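All of the numbers you see were taken from the coordinates with simple rules; none came from a lab. As the structure is a prediction and not an experimental result, all values here were calculated from the model. All Cβ positions, glycine included, derive from the backbone under ideal geometry; neighbour counts span all protein chains shown.
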Amino acid sequence: MKCVVIAAGYATRLGELTKNFPKPLLKIGENTILGRMLDDIDRIPEIDEHIIITNHKFAPIFAQWAKDQGQRELVKGEATSDLRLQTSDRRWVKPITIVDDGTETNDTRLGAVRDLIYAINGGVIPGDKEFSIFNSQLSIINDDLLVVAADNLLFFSFQEFVDFAKEKQTSCIMCHEQPSIEKLQRTGVVELDENNKVLGMEEKPQVPKSHWAVPPFYIYLKKDLDLVRHSVENGCGKDAPGNLAHYMVEHTTMHAWPMSAGRFDIGSLDTYYEAVEKYGK
C-alpha cells in the first residue's frame, strides 16, 4: 500500500504565512503538520512508500525538508520540468517520493483529483491533452492507496482505517458525526447502512440526509484504480478530493469508517495559531 499525500495547494487563506512556504510543513511545536501525520503512517506495516504530490513552487522546499529528516540519498530525475526526488531517511523507515506537478500559481493548480491521478499514473491524466504523454521519470502505481490531505492533526491511528478496509475488502472513506447543519452544508455527507456500507454521498447538501460528514482521508484499493485514473475524464470534479469520493461511491462499493477520535483541521490563520497554542507545547 502506498501513502499518497495531497500537498499541491497554495493555502491562500493563510496569507503571507504560506505565500512562499507549504502549509503541511508549518511547525506545531517541534514537529511539522505533515511530520506528525507521517510519524503515525510510517508505522503501518502495509505501507511501503510515502508519495508527496506538490507543486513546482514548493517541491524544492519539500525536498530540503526530507533531507533534513536524515536523508541518505537524493535522486533527481533527468527531466527538468518534472522533478522527482527520492529519499531514504533515518526518521521514517519507508522511502519518501516527492512529485512535482509543474504548477506555480493558485490560478494554474491542477486540483486535488488531477494531482492524485498525475502522481499515480506516470504524469498522464486521461482526457487532458496537456498531460497525455507518459513522463518516464514517474512510475505508474498499481497498488492499494491510502490518500490523505496534509493539513490536519489527528488523534487516532490510520492503522485502524487500514484494518477496516482489510475487513471490508472495499475502497473506503472516513466519516464522523457532525451535529451542525451549517457545517454539514459545507462538506461531503454520506448515508450508511447498518454495516457501514455507503448508500449515497452528497457534496455540500442544502438538506443533509445524515449527520455523517466526510473528512479528506481515503483508501482506494488496487481493483478500483482504473476508476480513479479515468474519473476526471468521465466527469468527476477535479478540485476537492471529496469530488473523487463522491464519484467512486457512484461507481463501486464503498464502506465508511467512523473515526475513533477527533481531528483538528488547519484551514486558516486562526486555526493554525489555535493548533500551535493547544498542541505545540
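Can you put 259, 201 in order of Cβ neighbours within 10 angstrom, beginning with the fewest?
Ascending Cβ contact count within 10 Å gives the list 259, 201.
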Scoring the range 2-279 by relative contact order with C-alpha pairs under 8 Å, at least six apart, yields a percentage of 20
In straight Cα distance, which lysines are under 18 Å from residue 2, not counting same-chain residues fewer than 8 positions off? 94, 166, 222, 223
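Over every pair of different alpha-carbon atoms in the chain, take the mean of 1/r and invert it; report that Kirkwood radius in Å. Don't jump to the answer; show the numbers that get you there.
Values: mean 1/r = 0.0524 Å⁻¹.
It is 19.1 Å.
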Please report 54, 103 as a ranked list, fewest other C-beta atoms within 10 angstrom at the top and most at the bottom. 103, 54
Please enumerate, by chain and number, the lysines with C-alpha under 27 Å from the C-alpha of residue 209, excluding those fewer than 8 residues away in the same chain. 168, 183, 197, 238
Under unit Cβ charges (Lys, Arg +1; Asp, Glu -1), what dipole magnitude, rounded to 20 debye, does the chain have relative to its Cα centre? 440
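Out of the range 155-202, which GluC sites (Glu not before Pro) are coil in DSSP terms and have no more than 13 other C-beta atoms within 10 Å?
Numbers: sites: 160, 167, 177, 182, 191, 194, 202; in loops: 194.
Filter output for the range 155-202: 194.
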